[in-house]
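Since the structure comes first, as structure tokens, the remarks are kept for the end.
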Amino acid sequence: MARPEDSQWAIPVGQISARPGMSKPVDGDFPAPSGIGDNIVGVREGDSVRVHGSFDSIADGLVFMGRFTAPMHAECTRCLKPIDRDWDLDVTAFFPYDSSQAADTRHGKHGEVDIVAGEDEAEDTYPLSHDGGFADIEALLRDTMVEHLPLQPLCRPDCKGLCSQCGVNLNDNPGHHHDVIDNRFAALAGLKAQLDEEAQAKKSD
């Protein structure tokens, strides 16, 4: 049976568990879990994710507050240009001492976690190991990044996209355009010419 401390995402917190007011800083790199996005937008499994923040001990458990920095890959939805850049996400999560309570809460069962002013933080609750000695952040990493994946990633906010007629990247060719002739006016011009010819023919008669 796997031990909690053997997980790649386990952080030892035993020194502050059940000691309200104590804090443990976290500043390290962890591998990205699987299942974060796809080939269009996401974070590749195993890529290094920077985790910076701290665990703070309160009466009912541990609160983690910090930031994840992950290497996101994406494709601009306007110009289709590949995007590879760091992606910062602020996160707050609760790790209650009663791991069974955390499991029930995560699956929508009975039980609430009282963190601040009686608010139910069920969606941001994760279990500690049974002895309270380790916090495994694998699920927290995955849930946070999946939830905040951009639906329409852009290479830059003012991306001009591609020309709808020939596909030229308008960011690289800002003066690019096509002379468009409205066929409706061409038809009217043809009709006018025909009427002029008929009128000229009548005069000749």
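Odds and ends about this structure:
- The range 55-102, subset part of a loop (DSSP other than H, G, I, E, B) and within 16 Å of the chain's Cα centre (by Cα), residue surrounded by the most Cβ atoms within 10 Å (Cβ to Cβ): C76
- Residue tally, condition among the hydrophobic types (A, V, I, L, M, F, W, C), in contact (Cβ under 8 Å) with a residue 40 or more places away in the chain and surrounded by fewer than 15 Cβ atoms within 10 Å (Cβ to Cβ), over the range 7-54: 1
- Residues of the range 138-175 satisfying the condition of being buried (at least 17 other Cβ atoms within 10 Å of the Cβ), of a type in the set (D, E, K, R) and touching a Leu at 6+ places or on another chain (Cβ under 7 Å): none
Since every read-out is calculated from the coordinates, none of them should be taken as a lab result. These numbers were taken from a predicted model, which means no experiment stands behind them. All Cβ positions, even for glycine, are placed from backbone atoms using ideal geometry, and neighbour counts span all protein chains on display.
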